[in-house]
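No lab work stands behind these numbers, since they all come straight from the coordinates. What you see is a predicted model; the values in this text were computed from it and never measured. Note that each Cβ is placed from the backbone with ideal geometry, even for glycine, and that neighbours are counted across all protein chains shown.
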Amino acid sequence: MSSSNESIQKTVTVALLLCLVCSVVVSASAVILRPAQAVNEQANMQMNILQAAGLYDPKQTVQEQFELVSTRLVNLETGEFVEGMDADGYDQRKAAKDPSMNRVLSGEEDIALIKRQAKVAKIYLIESGGNIEKIILPIHGYGLWSTLYGFMALEGDANTVAGLGFYEHAETPGLGGEVDNPNWKAQWAGKQVYDGDAVALRLVKGGADRSDSYGVDGLSGATITSRGVDNLVKFWMSEAGFKPFLDNVKQGRI
Ligand SMILES: Cc1cc2nc3c(=O)[nH]c(=O)nc-3n(C[C@H](O)[C@H](O)[C@H](O)COP(=O)(O)O)c2cc1C
């Protein structure tokens, strides 16, 4: 190798060119792959929604199955549908961070430890012949290490649980991470949310009695995550959450 090829100037030039080429490749990949990534993210969310409702069939495409689902926006305070806003484009998690679209929760009502809540929620309905068959509601709240984000599905009576699942959390695998265990999730279907007007659905430390229509087993070795799930379910089913909307459904106002 000639000594002229080892000059500092040439080494720096080659390094800079390499950096430039790499950054162009990385940026171009990010831009080119972004639409595909967005489609995959949407399909993944739709799969979670269908799974929470117990409707996901791996033999069919998510898109096909999601055609049964209508996406609606609900004003949490009045429990009425919000018209004139793009439901598909609405991002409830973003809205929860926007002071013009959120509500700051008082310490007393914030049992799910989420601090602020979007005033408008994005929900999913499955209807047939003008009747609501399933209601799928976004829920979230703090566990031990993380905020758990998921969906709770109810039957058309707005009281019987059809299913529950979390699509994002950072609880410990084998402990709080057992929220993803299919056997634990299977316990939710058929449970009742309300006893009269009060939220009676709850997690029971040490295990719920099989005949208890409101009780689901707490997660063993994960009391703190279990308490988080218990609190977030109570919060989202309460007056501060979806109760005004669910009351409207029960009374046929929706
Ligand atoms: C490394 C580590 C990870 C843990 N992860 C969790 C968790 O994800 N969720 C949880 O509730 N408890 C977790 N715990 C246990 C809690 O610290 C606490 O002991 C537990 O919630 C008490 O539950 P128990 O009364 O059912 O034993 C973890 C503990 C350790 C040491």
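Tabulated data for the structure shown
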quantity	calculated
Sequence of THR160, THR225 once ranked by neighbouring C-beta atoms within 10 Å, starting from the fewest	THR160, THR225
In degrees, nearest ten, helix 8-52 long axis to first principal axis of the chain (Cα)	20
Partner lysines for LYS122 [C-alpha distance under 25 Å; skip if fewer than 8 residues away on the same chain]	LYS94, LYS97, LYS134, LYS185, LYS191, LYS234, LYS243, LYS250
